[in-house]
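S.K.: One structure follows; several queries about it will come next.
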Amino acid sequence: MCWSAVSTTPARVMACESAYGWYACRAKGRGMRVAVGILSVIGVCHATWPALVVRADGPGHGDAELRMRVLFDSTSGHAGWHTGWGYAALLQLGERTVLFDTGADGQALLSNLARAGVRPSEIDHVVLSHDHPDHAGGLATLLQVSPHPEVHIPRGASIRTQQVVRAAGARLTLVSRPTRIAPRVHSTGPLGKRIPEQALVLTTETGLVVVAGCAHPGLERMLRAARRLHRRPIDTVAGGWHLLNASRQRIRRVIAALRRLDVRRVIPGHCTGRQMVRALRDAWGDAFIDGAVGRPLPFPLDR
Ligand SMILES: [Zn+2]
Ligand SMILES: [Zn+2]
């Protein structure tokens, strides 16, 4: 695994340094003691992008750190990464590596994984939000290469998707209720009757990080389910929010709901829709994060 790599491109290093300044500033403002271990080169790997690692240091904080990269989506900030309609995100929290959704194309997924410096055998859990082909399409190819991950599929997903997992010899878990996947990693459980879909909820020191695949049951509903799991603030909401053709009213309602929940940062992608993305960028300013494919997304654990 090689998450922490420093590019030799000055612009990229600058981006990393400015992010460092932001974290240092925030930590100072809160009077917290944060050990920031960043810009460190770890070995040689395929990753060509700087990854930022922020480690909390202090009583009760432990050593957990969250790192996230979008591995499949329509936009890429960097040459060489594959893109397509669908969603997949790689998350590492402590020792566990979780792949949330698999995109539409297995070969593209494997290629992007390699670029991220992660071997398929290093993935401990695959969590499928739902089994539409733009989220489950890469699963069979991934499991052919490595049947190691435990695969968590929402109950109500098609028999065909379940067969893909069984045929590969991987461990299948049908999720029927709010469930713990790994330490600090939970599923909301399937929501919605027509298209059962689960969201991923990660507990970090700064609050919850919620990742939705397509949010067919409605983003607000998924966030409420996340809050029922953990009575903690929502730090970040990421993923696809299914607002492609949403009216202005609907967009305003979702923004208001995110405000009410005091969501600190947003990383919209996939089916969120251009108008919604524009509204989020305007409303969240610096706390709007571009989740282009391949870009490391840092999560400070600073409180
Ligand atoms: Zn879908
Ligand atoms: Zn989708």
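The values are calculated or read from the model by the stated rules, or taken from the named source; none is laboratory data. All values derive from a computational prediction rather than experimental measurement. So basically every Cβ, Gly included, is an ideal-geometry build from the backbone, and we count neighbours across all protein chains shown.
S.K.: For THR203, which of the numbered conditions (1) at pLDDT 95 or above; (2) part of a strand (DSSP E or B) fails to hold?
M.R.: (1)
S.K.: Among the residues of the stretch 101-111, is there at least one that is surrounded by 24 or more Cβ atoms within 10 Å (Cβ to Cβ), of a type outside the set (A, V, I, L, M) and on the phi < 0 side of the Ramachandran plot?
M.R.: For the stretch 101-111, residues surrounded by 24 or more Cβ atoms within 10 Å (Cβ to Cβ), of a type outside the set (A, V, I, L, M) and on the phi < 0 side of the Ramachandran plot: present.
S.K.: Now for a separate question. Is it the case, given these coordinates, that ALA226 is at pLDDT 95 or above, in contact with a strand residue (DSSP E or B) (Cβ under 6 Å, 6 or more places away or on another chain) and either farther than 20 Å from HIS132 by Cα or within 13 Å of ligand 2 (Cβ to nearest atom) (or both)?
M.R.: Taking the combined requirement at face value, the residue satisfies it.
S.K.: So, one more: In the stretch 127-141, how many residues are in contact with a helix residue (DSSP H, G or I) (Cβ under 9 Å, 6 or more places away or on another chain) and under 15 Å from ARG155 (Cβ atoms)?
M.R.: 5
S.K.: Could I ask something else about it? Identify all residues within the stretch 180-189 that are under 16 Å from VAL126 (Cβ atoms) and either outside any strand (DSSP E or B) or of a type in the set (A, V, I, L, M, F, W, C) (or both); write none if there are none.
M.R.: Those that are under 16 Å from VAL126 (Cβ atoms) and either outside any strand (DSSP E or B) or of a type in the set (A, V, I, L, M, F, W, C) (or both): ILE181, ALA182, VAL185.
S.K.: Could I ask something else about it? Could you grab me the full set of residues in the stretch 263-290 that are at pLDDT below 95 and acidic (Asp, Glu)?
M.R.: ASP286, ASP290
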